[in-house]
Each structure stands twice: as C-alpha cells, then as structure tokens.
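Okay, so here's the structure we're looking at.
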Amino acid sequence: MKGYRPLLIENLGISLPGIDVLRLQLNEHLQGSGLGSHSHRYGQLLVYLRGQGAQCVGGRRYEARSGTVIYAAPGEQHSFEQERERNPLCLVMDISLKSGLEDSQPGSVGMLPASALNHLRSRMSQLFAMRDIGKSDRQLSVGAIILDVLDVLLRAIGRLDPRASANVGSRSLTRSAERAILSFLSDPSADLAFLADRLGYQRDYLNRRLKSECGLTLGQLRARVRLREAQRFLCLGISVGEVASKVGIDDQNYFARWFRMQAGVSPSDWRADSTR
C-alpha cells in the first residue's frame, strides 16, 4: 500500500529545450507512514510544502521540512521517513533532463525562502481552481504555472534555467522580448505585430524562434508577463481597475474574465488567497 494519497495529478507532456516535464503530483503522506527505498527511470523534483521528516537520496540523509527542495536523479534510490504527527504535503514533479542540465549529478538540495514557498502554495491553489475549466481553455494557463514552478525549483537547487537553450543568443532573444513586452505593457495599442516590429522580426519568424528557445510564442510570452505583473500589482493593493490599465487592458470586465482564464480565479479572489 502506498504511504501517501495523491491530491492532484497533472499529466503534462511539456517539452522544453533541455527538459521534458512529464507529470506533477501533490501528495499527502498518510499518518505514521513513510516511503521505502525506490527509484524511477526519470528524475524527480520534490518540494515539501508542510510537515517534517527525513529524505534519503543516493545514500545521503537530508532534513525535509517546509520549503525543502530535493532532486533525485533517474535510477537514484530515495526514501522518506516522517518525523512529526502532522501529515507532510509534498509536491512531486517528474522530469527528464537533457544535455546542459547534467542529469548524472547526485541528488541536489535547496531551500525556498518564505516568499517563494508562499508563491508555490498559491500556484497550487490556482491549479486546484482550474480542475473544472475546459481542457482547451486551461492548457495554456496550466503550462504557464508549470513553467513558473519549474523555474522556482530548479533555481532553488542551483540548476540551469530550463527555458534557456544551449547558446547565449537564444536566451538574449527571450529576454529582449520580455523587455519589449514590459516597456509597452500599459499601452493597449501595442499589439503583437508592433512588438515583433520593435524587435526587428516578422511576427511568424519571431514566433518560431521563441517557440524553439523558450517553448512559447510571443503571444503566450506576453500573457505570462502580463499575468505575472498583474499578480504583482494586486499584491501591492492596487485596485483591479488600475491593475487592468497597468497591464494594457482598458476594459475591467474583460480583464477579470482574462485573469480568471489564466489563473483559475478572479483577481479579487487571487489577491485574498495570496495574502492569507
């Protein structure tokens, strides 16, 4: 019998330069149970959202508490021992690392600061809220959340950014696109054709370049930047109407519908959840 119960399972199949994201699972360990030594053909990123115990990876024993991030490489034996009565909650991401991220490294361990841990919990709440949204509507939103979560976890254990490709020029194009998006974020007339022109590319060609480098088109990248900035403004206590204007959407009602499509909840509900 398993020593945990899955609260959320997302079969992903997301492929990025350097990494494939196979599945995300949120597991609650059962009272008084642990997980015996086992391994997988893929790598696993483990992050503890609550509880305390000991995670053994490749013969090494690590303290596991809220905010601990551990990577177990493919074929690497790992196990978990619970140390306190409260059931631990663990986020597990199954991944396959490619060249550049050196999958052969032994288990890596990091610690999330409180702000990053709270952000991760908020992202999980958003995924829960999306379960009843139609598949086609939620696909982009789920993908954006997974990219965000993956970036946080890989940075915590000192791995390379998964959205980076093998050469610096690729990373530079994505950063340039993000800077252009931010520069004209509040201007509703700055459409995708305008942004592509500012970057010196035809839109279709730019989409192909960005897709191969960061896994997103220009429109998808703008949606991610827009959502990130909207969430930042909401956390600062700015009104929903003003946030809409700051991210380039004149119609507050349309912004609320767009935000719900991206995050799974309304702007007001997202702000309430993020400040609890």
- Task: Averaging sequence separations of C-alpha pairs under 8 Å and six or more residues apart, then dividing by the length of the stretch 1-87, give the relative contact order as a whole percent.
- Result: 29 percent
- Message: Counting other beta carbons within 10 Å of each residue's own, what order do M261, M130 fall into, fewest first?
- Response: M261, M130
- Message: If R₀ is 51 angstrom, what is the calculated FRET efficiency for the pair R179 and R5, using the beta carbon separation as r and rounding to 0.05?
- Response: 0.70
- Query: Based on the Cβ-Cβ distance of R65 and E242, what FRET efficiency does E = 1/(1 + (r/R0)^6) give at R0 = 41 Å, to the nearest 0.05?
  - Reply: 0.60
- Radius of gyration and maximum dimension Dmax of the stretch 168-274, Cα, Å: 14.4, 41
- Query: With point charges of +1 on the Cβ of Lys and Arg and -1 on the Cβ of Asp and Glu, referenced to the Cα centre of the stretch 168-274, which listed residue (Y201, I249, G237) lies farthest in the positive direction of the dipole?
  - Reply: Y201
- Value of D in µm² per second that Stokes-Einstein yields for the stretch 219-276, Kirkwood Rh from Cα pairs, at 10 °C (1.306 mPa s): 143 µm²/s
- So F128 and S37, fully extended at 0.36 nm per residue minus their Cα-Cα distance, gain in nm 29.8 nm
- Query: With Rg and the Kirkwood Rh both taken from Cα atoms, where does Rg over Rh land for the stretch 1-82?
  - Reply: 0.96
- Hey, rough spin-label estimate for N118 and C235, points 7 angstrom out along Cα→Cβ, what's it come to in nanometres? 0.8 nm
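Throughout, read-outs are computed from the coordinates displayed, never taken from laboratory work. Bear in mind the structure is a predicted one, so any value in this text is a computation, not a measurement. No Cβ is skipped: glycine too gets one built from the backbone with ideal geometry, and neighbour counts run over all protein chains shown.
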